[in-house]
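The values are calculated or read from the model by the stated rules, or taken from the named source; none is laboratory data. Everything numeric in this text was worked out from a predicted model, so none of it was measured. All Cβ positions, even for glycine, are placed from backbone atoms using ideal geometry, and neighbour counts span all protein chains on display. Side chains included, ligands, DNA and RNA excluded: accessible areas come from the protein's heavy atoms. Shrake-Rupley method; radii C 1.70, N 1.55, O 1.52, S 1.80 Å.
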Amino acid sequence: MAFTETSLGDIGHLGIDKLFKVESEKYPDYSERIVGTVIKTKQSYYKMKSLAGFGPAADFAEGAPAELDDYQALFVKNFYPERIGKMIEFSDDVAWSDQYKIIVGLQPAIAKSFMLKVNMIAASLDNLGFTSTTMGMVPGETLYSTSHSNNGYPLSNMPATNLAFGPLAVEQMKSQMRNVVSARGDIMPYDGPITVKVPVALDGRAWAIANSERLVGTNNNDKAYARWKIDYETIPYYTSDTAWFARYSDNEEQGGFLIHFKPYSIEKLSKDERLFNRYVASQKLVVGWRDAHGLFGTAGA
């Protein structure tokens, strides 16, 4: 955008007590809360390959050879970054009459806009998790599915019927996430905490579940199972008011990721013949998923 005295005429006039911007002054980084794993690399692309590990040890008789086992290759994919950028320019006249330091504050304002975009990209992993078939390791598969490729073994990380968010739905989610099998058909025990992610519309419901010792919303005297080893995160970048998600809190045990290829940077370009000062900012990153294990999503109801 080009700033001129016409577009920002008031910055040269001292008759205003305060100028303010209507957007939020701060955009906290939500990316790790959403995707779990955040990777940094200087490579031009990131190559991932999935393997099926060893099966359980087998009995063998004395004098007989032990069972031979090996890894099985599953999927391989190169993840290429998305480039995001923004350029601003302003005339020398604007810079000279910048009484309210609006121009001086443009660089941190740009950094905030990039943080906003990074959060939106991270949230797109879940927002598009029921429709996009290009964000993961497995060609043609959405992140959340009842029939994931798993070396021929069943793998579902969403309920057969959408679940409205609540304590009993959280109980079903925990059971489903901890009953998945590996690409060898073996149990995959996980006894660590789970992070449940909800949109702002479900924030109050999540707070009630997280802070109620009994089964919230009912006369049931049972202890609140939905509090046990569960953390709740409210994500303001979710586009649905009913969809909610979960992931293993241990980043290594779940499959979501965000890769930073080139960190945010801003550069001053040479002044052009119009006497305009120019700055350009850019960043390169990509969001995706490497494995459906440790992830759960439902469109809600």
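Among the residues of the range 170-204, count how many are within 13 Å of SER249 (Cα to Cα) and among the hydrophobic types (A, V, I, L, M, F, W, C).
The number of residues fulfilling the criteria is 3.
Any residue in the range 179-195 that is among the aliphatic types (A, V, I, L, M), over 18 Å from the mean Cα position of the chain (by Cα) and surrounded by fewer than 14 Cβ atoms within 10 Å (Cβ to Cβ)?
The answer is yes, given that some residue of the range 179-195 is among the aliphatic types (A, V, I, L, M), over 18 Å from the mean Cα position of the chain (by Cα) and surrounded by fewer than 14 Cβ atoms within 10 Å (Cβ to Cβ).
Would you say VAL118 is surrounded by 18 or more Cβ atoms within 10 Å (Cβ to Cβ) and farther than 24 Å from LYS49 by Cβ? Working first, answer last.
Numbers: surrounded by 18 or more Cβ atoms within 10 Å (Cβ to Cβ): yes; farther than 24 Å from LYS49 by Cβ: yes.
Answer is yes for this residue.
Here are GLY256, GLY297: which of them is within 15 Å of MET173 (Cα to Cα), under 17 Å from the mean Cα position of the chain (by Cα) and crowded, with 22+ Cβ neighbours inside 10 Å?
GLY297
I'm trying to understand the selection: among the residues of the range 48-74, which are among the aromatic types (Phe, Trp, Tyr) and out of contact with any Gly (no Cβ under 9 Å at 6 or more places or on another chain)?
PHE54, PHE60
Looking at (1) over 30 Å from MET158 (Cα atoms); (2) assigned to a helix (DSSP H, G or I); (3) of a type in the set (D, E, K, R), find the lone condition where GLU252 falls short.
Checking GLU252 against (1) over 30 Å from MET158 (Cα atoms); (2) assigned to a helix (DSSP H, G or I); (3) of a type in the set (D, E, K, R), the one that fails is (1).
Taking interchain pairs and intrachain pairs at least six residues apart, which have beta carbon atoms under 7 angstrom, with the first residue in the range 229-240 and more than 24 Å from SER175 (Cα to Cα) and the second β-branched (Val, Ile, Thr)?
Filtered contacts from the range 229-240: PRO236/VAL200.
When you check ALA57 against the structure, is it of a type in the set (A, V, I, L, M) and at pLDDT below 80, yes or no?
Against the criterion (of a type in the set (A, V, I, L, M) and at pLDDT below 80), ALA57 does not qualify.
Just one of the numbered conditions (1) within 25 Å of the chain's Cα centre (by Cα); (2) free of Cβ contacts under 8 Å to residues at least 60 places away in the same chain; (3) not in a loop (DSSP other than H, G, I, E, B) is not true of GLU267; which one?
Against the list (1) within 25 Å of the chain's Cα centre (by Cα); (2) free of Cβ contacts under 8 Å to residues at least 60 places away in the same chain; (3) not in a loop (DSSP other than H, G, I, E, B), GLU267 comes up short only on (1).
So that you can scan it fast, the table gives a plain yes or no per residue for (1) part of a helix (DSSP H, G or I); (2) open to solvent by 30 Å² or more (accessible area, probe 1.4 Å); (3) in contact with a helix residue (DSSP H, G or I) (Cβ under 6 Å, 6 or more places away or on another chain); (4) at pLDDT below 80:
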site	(1), (2), (3), (4)
PHE90	no, no, no, yes
ALA95	yes, yes, no, yes
LYS101	no, yes, no, yes
PRO108	yes, yes, no, yes
ALA111	yes, yes, no, no
ALA123	yes, no, yes, no
GLU141	no, no, no, no
TYR144	no, no, no, no
